[in-house]
Amino acid sequence: MRPVHLFLFLFLSVSLGFSQDLETQLDNYLAETYSPEKPGATVLISRDGKAVYRKAFGMADLELGVKMKPEHVFEIGSITKQFTAVSILMLEEQGKLSVQDDITKYIPDYPTNGQTISIHHLLNHTSGIKSYTGMERFRKNARVDMTPTELIDFFKNEPMDFEPGEQFLYNNSGYILLGHIIEVVCGISYAEFIEQNIFEPLGMKNSYFGSMTKLIPNRASGYQNRDGYVNAEYLSLTLPYAAGSIMSNVDDLLTWQNAIRDNKLITAESHAKAVNGSE
């Protein structure tokens, strides 16, 4: 885990209003947890799709003395997988793929060793494919930019952990394959698809496909605690790719949450499939 910054995106669904007493308790707890001189956090709590608590605590940049603001942008890590899964379901609704398709329909040279590995298996972490982030070679190559094809080559010849569909094991490799399938089906990059089909239509102007070199407005710095805070180790954001490279802030993620809840991108049926797992 790279940054010590914690990104908190909380939703409050209660029948009563957001009381002053509760707000005070939250303020006190968060101010103590993320003290003014340490890496901070942003917090948003919503009710009926609207923010009822939106605050920031601690620091966004220790070296420059920049205080955290709710507008600050973070690497959201595996929340990226939500965007990837919804993208796949959008394409299924458009008739461009089926979650029951064998992945070799889109990646013909992928070595399945006689097994049937479906898009459904990738979505639900039941493929049995080795997760590349658990491999020692991954850490040694953390600074190296890779294309999606190079990422797939990195793990595709590893032994399977189990036969597809036999069990659940959280897996990042599956979402690399899903991102690549999106590119194959659409003829554009994963980043372009997300930008054109999700960020722009929803007005998510503070969300980006992450980069360590591009200028990202309001980017919060990352730190690690090694007997004191140090700058987080460099990780090329080409490596998390469709499994973890999106950057965003609490406001845009509330927009995202509301869009999913209100079926703006996918139907209620597809939403249920995403939440409960497709059959």
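Observations on the model:
- Shown here for segment 87-195: chymotrypsin sites (Phe, Trp or Tyr not before Pro) in loop regions (DSSP other than H, G, I, E, B) with at most 12 other Cβ atoms within 10 Å, namely 168, 170.
- Of the trypsin sites (Lys or Arg not before Pro) found in segment 100-151, those in coil by DSSP whose Cβ has at most 12 other Cβ atoms within 10 Å are 143.
- The gain in end-to-end length when the residue 31 to residue 264 segment is fully stretched comes to 80.3 nm, 0.36 nm per residue minus the alpha carbon separation.
- Extension gain, residue 168 back to residue 147 (0.36 nm per residue minus Cα-Cα distance, nm): 4.8 nm
- Residues of type aspartates and glutamates that residue 273 reaches as a straight line, Cα spacing below 20 Å, ignoring anything fewer than 8 places off in the same chain: 92, 93, 101, 102, 166, 262
- For the pair segment 27-91 / segment 189-237, the C-alpha centres are spaced 13 Å from each other.
- Förster radius 22 Å - calculated FRET efficiency between residue 54 and residue 24, Cβ distance, rounded to 0.05: 0.90
- Ellipticity at 222 nm from helices only: DSSP H runs of n ≥ 4 in the chain, each -39500 (n - 2.57), divided by the residue count, give -9000 deg cm²/dmol.
- Length, then width, then depth: along the principal axes, the Cα atoms of segment 190-279 run 48, 28, 22 Å.
- Additional length obtainable on full extension of the chain from residue 138 to residue 215, 0.36 nm per residue less Cα span: 25.2 nm
- Among 81, 205, a tally of other beta-carbon atoms within 10 Å of each Cβ gives an order, fewest to most, of 205, 81.
- Length-normalised contact order of the chain in % [C-alpha pairs under 8 Å, at least 6 apart]: 24 percent
- One entry in (1) 14.0; (2) 35.5; (3) 15.8 is mean projected area of the Cα convex hull in nm² calculated from the shown coordinates; its label is (3).
- Those lysines that a straight Cα-Cα span of less than 17 Å connects to residue 105, excepting residues fewer than 8 apart in one chain: 96, 156
- Average 1/r across all pairs of distinct alpha carbons in segment 15-67, invert it, and you get the Kirkwood radius: 12.1 Å.
Bear in mind that the values in this text are calculations on the coordinates, not laboratory data. These figures come from a predicted structure and were not determined experimentally. No Cβ is skipped: glycine too gets one built from the backbone with ideal geometry, and neighbour counts run over all protein chains shown.
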